[in-house]
Amino acid sequence: MKSDEPASAGSDAAAAKRPAAPSPQTELIIDTDVHHSLAAKEDLYPFLPSHSRERLAEHGLPRLGNVYYQNGGYQGIRADCLKSPDEDSAAARSSFSLFQEKLLGACGVNVAILNGELTAAFVTLADADYSADLCRAFNDWTVANWLSKDDRFRCALTVPMHQPEAAVREIERLGGHPGVVGIYVICGSPRLYGQRCFDRVYAACVEHGLVVALHFSGEGAGMNPPPTAAGFPSYYAETYLLRPQFYQAHLSSFLFEGTFEKFPSLRVVFLESGFAWVPAFRWRADTAWKALRSQTPWVKRLPSEYIDAHVRFSTQPMEEPASAQALGEVLEWMHGANSLMFASDFPHWDFDAPATVAQCFPAAMRRQVLSGNALQTYPKLHGLARA
Amino acid sequence: MASPALEPFPVCRTAELPPGSRRIAELRGISIGVFNLAGQYFALRNRCPHRSAPLCEGRLMGLVKADQAYAYTTEREGEILRCPWHGWEFDIRTGRSVALPETIRSKCYQTSVERSEPEGRVDTYPVSQREDMVVVWLPKPASTERARDRPGDP
Ligand code: FES
């Protein structure tokens, strides 16, 4: 043990031996954004056709291209999940027992929705067939190694959105699995997601009761446009605070392409988007529609009404305004009591624990945020609603 | 160090806490990190004032500064503790936030868990050496004290 590693003393050692029992808990907690990963490329071998297995063996797991930025924590995950920054984080990112202990156990999470963090690397590959093979293998690995081992884990499928027909095939192949609750889609994309080429994907989602979960990543990588329309920022902090623009671009596309008119039961979940921007976006979208309605006459209602009906946001990373009153106003303006869902982002460095997040919300909203809105949003979680 | 308001808790032998090292101990249900900075001892509550991470498990760093853009310098190696969750930095000598040292309000122990003042400081405790033991001094218990610290609890 290196001298600067924490050592336990006295009764703390005994504390470490105690099972990480959740605090007395009556609340159901649904975590909408948890990121699992592979320990090694070999994990995928059993699930790949031989030619793709050969390629993976020869070239290794794809990495997010040149612009990926230096994240916080150790290699992007919570520093208390590793012994030191030198330890390779792959094992922790893939550790079923670590997720059970630090998330399900220590935080009392009852349902954790897994969104594979290698998705961005897989779906920014230009080679359509190899990309689709990796997505399929990753999903099969997730079912075999997570969903089948603990039914508190659910997942959103990794699908190659840049080739919608392959995405549909994957949804049709695995979308009926009881633990599959959505598709996981990254914001980096050659095209905005409301555009008609994606309609077949949403039709398949609706048919299988899956939500579309959108999460930043992959902007500027592979075939995707730069991470901001004005250019490439230098530092991770910039990308962190500029994320809302990716979601805004896709949201305006969903609204004005009429996606929610075409798919009245479709639900789109924005993960890790922040949410304080939502009120301003709603107002501006409504203004634009009132003035320009005749250009998109298939948009029948105020954009803000579609947002209320179809779009949900997640809590992490929590907005931290200067006062609780300011947060209260944002929540009111965005109808947060009906639109916000808890997310931890475990095991990533900007993780939020449910107990502290709940404290940020008015008492009357907490149950909705911790579980109620997710139960209503994810069709395949409806059955979990407690009396 | 003896004070009617403080109570001593031996943590370990001095040999077990060499310079540059730390130990985390649970004293009267409170998780506390004890640090040896070049022979001087400091004790901080193992609970980040931001969102209750186990702060004292964080990395020990230097104080990274730049008097002008891009001119990085690092001083005071090993004296800054970075929270293992969202990376807030704290000065081990004072318990104060590095980013916002001036906004600190000194808070009494019982109110330090209030969420309404997330910035600021971590509770610190006096540490002394008694013969070959490292001893942390805690305020005598208040009735409102929580039974046990758990990461992430508000
Ligand atoms: S909990 Fe320590 S920085 Fe957030």
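The values are calculated or read from the model by the stated rules, or taken from the named source; none is laboratory data. What you see is a predicted model; the values in this text were computed from it and never measured. Glycine also receives a Cβ, built like all others from the backbone with ideal geometry; neighbour counts cover every protein chain displayed. Each accessible area value is taken on the protein alone, full model and side chains, heavy atoms only, with ligands, DNA and RNA left out. Shrake-Rupley method; radii C 1.70, N 1.55, O 1.52, S 1.80 Å.
If the elastic network links every pair of Cα atoms under 10 Å, which of A:GLN325, A:GLN368, A:GLN376 fluctuates the most in the Gaussian network model of chain A?
Top of the fluctuation ranking is A:GLN325.
A:LEU384 to A:ARG173: extension gain in nm, 0.36 nm per residue of separation minus the Cα-Cα distance?
Answer, rounded to one decimal: 73.5 nm.
Give me a comma-separated list of calculated 3J(HN,Hα) values for segment B:60-77, in order, Karplus coefficients 6.51, -1.76, 1.60 applied at θ = phi - 60°, integers in Hz, x for any Gly or Pro.
3J(HN,Hα) across segment B:60-77, in whole Hz: 8, 10, x, 8, 8, 9, 8, 6, 9, 3, 6, 9, 5, 9, 10, 10, 6, 3.
Please list the non-local residues whose amide H lies under 5 Å from the amide H of A:ALA112, H modeled 1.01 Å from N, same-chain partners needing a gap of 5 or more.
Those lying under 5 Å, H to H, from A:ALA112 are A:ASP31, A:PHE153, A:ARG154.
Please name the residues of segment A:324-368 whose accessible area, counted over protein heavy atoms with a 1.4 angstrom probe, falls by no less than 50 Å² between the chain alone and the full protein assembly.
So the qualifying set is A:TRP349, A:THR356.
Through the Karplus equation 6.51 cos²θ - 1.76 cosθ + 1.60, θ set to phi - 60°, convert the phi angles of segment A:264-280 into ³J(HN,Hα) values in whole Hz; use x for Gly and Pro.
In residue order, the calculated couplings are x, 9, 6, 10, 10, 10, 9, 9, 6, 8, x, 9, 5, 6, 4, x, 5 Hz.
If r is the Cβ-Cβ distance from B:THR14 to A:SER294 and R0 is 56 Å, what FRET efficiency results, to the nearest 0.05?
0.10
Between segment B:1-69 and segment A:116-138, how many Å separate their Cα centres?
45
With a 1.4 Å probe, how much accessible area is buried between chains A and B, both sides summed, in Å² to the nearest hundred? The partial results should precede the final answer.
Numbers: alone 17030 and 8670 Å², together 23120 Å².
Approximately 2600 Å² gets buried when A meets B.
What residues have an amide H closer than 5 Å to that of A:VAL180, excluding those fewer than 5 places away on the same chain, when H is modeled at 1.01 Å from N in the peptide plane?
Those qualifying (amide H under 5 Å, at least 5 residues apart or on another chain) are A:CYS155.
Would you compute, for the Cα atoms of the protein assembly as shown, the largest minus smallest coordinate along each principal axis and list the three values in descending order, in whole Å?
So the extents along the principal axes, rounded to whole Å, are 80, 56, 54.
Output the direction-averaged projected area (hull surface divided by four) of the convex hull of the alpha-carbon atoms of segment A:146-299, in nm².
10.5
Find how much the distance from A:ARG55 to A:ASP127 grows on full extension, using 0.36 nm per residue of separation minus their present alpha carbon separation; answer in nm with one decimal.
Extra length from A:ARG55 to A:ASP127 when fully extended: 24.7 nm.
Please list, in order along segment A:290-302, the HN-Hα scalar couplings obtained from phi with the Karplus expression 6.51 cos²θ - 1.76 cosθ + 1.60 (θ = phi - 60°), rounded to whole Hz, x for Gly and Pro.
4, 7, 10, 3, 5, 6, 9, x, 6, 8, 8, 10, 4
Largest first, how would B:HIS86, A:HIS35, A:HIS177, A:HIS59 line up by accessible area (1.4 Å probe)?
On the way: B:HIS86 30, A:HIS35 0, A:HIS177 55, A:HIS59 140 Å².
Largest accessible area first, the residues go A:HIS59, A:HIS177, B:HIS86, A:HIS35.
Suppose all protein chains stay in the model; what accessible area per residue would a 1.4 Å probe give for the protein assembly as shown, in Å²? Please list the in-between numbers first.
On the way: 23120 Å² over 541 residues.
Result: 43 Å² per residue.
Given B:LYS65/B:LYS140; A:LYS149/A:LYS262; A:LYS102/B:LYS65; A:LYS41/A:LYS380; A:LYS41/A:LYS149, which pairs have Cα atoms separated by over 28 Å?
B:LYS65/B:LYS140; A:LYS149/A:LYS262; A:LYS102/B:LYS65; A:LYS41/A:LYS380
With each run of n ≥ 4 DSSP H residues scored as -39500 (n - 2.57), what mean residue ellipticity at 222 nm is computed for chain A after dividing by its residue count and rounding to the nearest 500 deg cm²/dmol?
Per the formula, -9500 deg cm²/dmol.
Put simply, what bits of segment B:15-39 lose 50 Å² or more of accessible area when the other protein chains are there, versus the chain on its own (1.4 Å probe)?
B:ARG22, B:ARG23, B:ILE24, B:GLU26
Under 5 Å between amide hydrogens, which residues at least 5 positions from B:VAL98 or on another chain qualify, with H placed 1.01 Å from N in the peptide plane?
B:GLU89, B:PHE90, B:ASP91
Run the simple label-point estimate for B:TYR72 and A:GLU238 please: 7 Å along Cα→C-beta, distance reported in nm.
1.7
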